[in-house]
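Some notes on the structure that comes next.
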Amino acid sequence: MREDDICIMEQQPSEKKPKPVFKSGPIAASFIGDSIAKHQVKTQIGAHDIFLGQVRADLIEGRRVKAIEYSAYEEMAEQTFHQIREEAFSKWGLTCMHIYHSLGRVEAGEICLFVFVSSPHRQESFESCRWIVEEIKTRVPIFGKEVFEDDTHQWKTNR
Amino acid sequence: MTIKIKFYGQIAERLGGGEGTVQLPSDCPIDLKTALEEAFPGLKELTWKVAMDQKLVTGPCIVHEGAELALLPPYAGG
């Protein structure tokens, strides 16, 4: 049994069924803190790496972004998250991995992506966390409507 | 045959809804990009990819009865 199969967080893992990734609205700092705390019992872990994506108040042609409204092709996105997850487990010796992404409206300054990887040593966590974030940005069908302060909008594209 | 198609993001906005249907020939390879641009002319001005049954499709493909197509604008996750 892989270690993440006994992870005690509320995402109940399964080799066959993708873990739910999407959360409605922003990801609260308290949720992130609780996630870290829940790993204290997993004493084979020596390194965590965390990536937090935050909505940026970009200024675009004189208009300030106040929020992003996220939507997704959820069935395909969940499958792709699952594939990324399985690929990361096969590439690195990870103990645990958790990915959460927002759907719906997230205000500027709030967290929209939480990637949390854990391993016995730092190298696996550093490398895998960066890889996972880059794969999410290029492979997962998530769409973002940038809403400006004057309530006009444009569609965001990952660079 | 009639195939269900889902629209997302800017494409849903431009085409005025989240889903529709499209008439496509069955059992022969078709260039989906061309066929879909003919069916939905607004797509020509947009950047998009097409997925069939939740997998991206490039090049000619055979669309089977009951397939689910989805038109996906540029990704913006993270």
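What follows is calculated from the coordinates using simple rules that are stated; it is not laboratory data. The structure presented is a predicted model; accordingly, all values stated were derived computationally and were not measured. Don't worry about glycine lacking a Cβ; one is built from the backbone with ideal geometry, like all the others, and counts go over all protein chains shown.
Quick notes
- Neighbour-count ranking [beta-carbon atoms within 10 angstrom, fewest first] of B:VAL50, A:VAL41: A:VAL41, B:VAL50
- Percentage of interatomic Cα-Cα distances in the stretch B:2-65 larger than 14 Å: 57 percent
- For peptide A:131-143, the mean count of partner chain Cβ atoms within 10 Å of a residue's Cβ comes to 4.
- Shielding by other protein chains, B:64-73, mean Cβ within 10 Å: 2
- Of every Cα-Cα pair in the protein assembly as shown, the percent that sits beyond 26 Å: 45 percent
- Between A:GLU74 and A:ASN158, the simple label model (points 7 Å from Cα in the Cβ direction) yields a spacing of 2.0 nm.
- Shown here for the stretch B:27-63: GluC sites (Glu not before Pro) in loop regions (DSSP other than H, G, I, E, B) with at most 11 other Cβ atoms within 10 Å, of which there are none.
- For the stretch A:106-145, the residues whose backbone nitrogen is under 16 Å from a point 7 Å from the Cα of A:GLN54, taken along Cα to Cβ, are A:106-115.
- Each label point was placed 7 Å from the Cα along the Cα-to-Cβ direction; for A:GLU61 and A:GLU149 their separation is 1.8 nm.
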